[in-house]
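For reference, the structure is listed below as structure tokens.
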Amino acid sequence: SVRPSNHQWKLSDFEIGTPLGRGKFGRVYLAREKNTEYMVALKMMFKSELVKDHMEHQVRREIEIQTHLTHPNILKMLTYFWDEKKIYLILEFAQEGELFKVLNSQPHKRFDEPTAAYYLRQVADALRYCHSQSVIHRDIKPENLLLFSHHVVKLADFGWSVHAPSKCRNTMCGTIDYLPPEMVDSQTYNEYVDNWCLGVLCYEFLCGSPPFESSEQAETFRKIRAVMYGFKSYMSESSRHLISKLLVKVPKSRLPLTDVIEHLWIKKNCEIFT
Ligand SMILES: O=C(O)Cn1ncc2ncnc(NCCc3cnc(NC(=O)Nc4cccc(Cl)c4)s3)c21
């Protein structure tokens, strides 16, 4: 039986299943909607924790952004609701889980060039759509990419996304490896931060670790500011070219997303998937 579209969703509409993952602010469970038996991912977060870290406005913005984005490579937020203690996000369920785990389970913790290119093209397409809606994701990294069957990748967790342009307000939690120079120096930035992150992501897909990774945080920031990194011997010429056009200090000089998707390395490596 189909529910009316104005149905007020509540937790009892779902059967909660196995835990899928745990983040800083809450846990994610597999869940099944009772009427349709549709499988979803249910993320629950304690309001008290969000308020304590002043994140409630971010969740509100994420919900506003995510419920208005529709793209085959963006994880759909199906609905959301809350009760006295918690906020619940009902998300599309990614049956192959976090790309981060798949990357780390590879033999040398890295993808071959065709796989890396196929994933990167999908992320670039999702970002191109976000930017067309004036949304900057700001937190592109393997942990925020979810895998579906047939190597379909979707961008998730818009908890850090903002409407462009924006002032760097929040201290970033999690990895600093993906921060672009303009955010390291906490200047204003625009959607080109995502182009930089795409370069870092491409490097990590191909090498198994990000380009500026260092044991000390200060050293990582120094390398990012200086755009100081090296290529591994096994990286193809065309992959080095693409990365070198994204890891550029001047934001507006970074390769536009349309040119990423048309780049020789992407074209050459994706034709086996099309
Ligand atoms: O990835 C996993 O751990 C496990 N996993 N496995 C399969 C699977 N299928 C779907 N979703 C999963 N995980 C949830 C991904 C998210 C999407 N959107 C989010 N938004 C968010 O967390 N917002 C948010 C939270 C706290 C504060 C603030 Cl400011 C914002 S999390 C899945």
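The values are calculated or read from the model by the stated rules, or taken from the named source; none is laboratory data. No experiment lies behind these values; they were computed from the predicted model shown. Reconstructed Cβ throughout: ideal geometry from the backbone, glycine too, with neighbour counts over all protein chains shown. When the accessible area is computed, the model is the full protein with side chains, heavy atoms only, and any ligands, DNA or RNA have been set aside. Shrake-Rupley method; radii C 1.70, N 1.55, O 1.52, S 1.80 Å.
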- Please list, ordered by first then second residue, the pairs with beta carbon atoms under 8 Å, 6 or more apart or interchain, first in the stretch 1-15 and open to solvent by 60 Å² or more (accessible area, probe 1.4 Å), second modelled with pLDDT of 85 or more and aliphatic (A, V, I, L, M). 9/90; 15/31
- Query: What tally of residues in the stretch 44-92 results from selecting those that are within 15 Å of the chain's Cα centre (by Cα), within 10 Å of the ligand (Cβ to nearest atom) and more than 14 Å from residue 137 (Cα to Cα)?
  - Reply: 4
- Of all the residues that make up the stretch 193-231, how many are among the hydroxyl-bearing types (Ser, Thr, Tyr) and open to solvent by 50 Å² or more (accessible area, probe 1.4 Å)? 2
- Query: Within the stretch 245-268, which residues are more than 22 Å from the chain's Cα centre (by Cα) and surrounded by 15 or more Cβ atoms within 10 Å (Cβ to Cβ)?
  - Reply: 268
- List every residue pair whose Cβ atoms lie under 8 Å apart, where the two residues are 6 or more positions apart in sequence or sit on different chains, the first residue falls within the stretch 90-102 and is under 23 Å from residue 37 (Cα atoms), and the second residue, located anywhere, is near the ligand (Cβ under 6 Å from one of its atoms) and in a loop (DSSP other than H, G, I, E, B). 91/75; 91/156; 92/75; 94/75; 94/156
- Just for the stretch 105-149: of the residues that are within 16 Å of the ligand (Cβ to nearest atom) and open to solvent by 60 Å² or more (accessible area, probe 1.4 Å), which one is nearest to residue 259 (Cα to Cα)? 143
- Given (1) open to solvent by 70 Å² or more (accessible area, probe 1.4 Å); (2) within 13 Å of the ligand (Cβ to nearest atom), index of the condition residue 41 fails: (1)
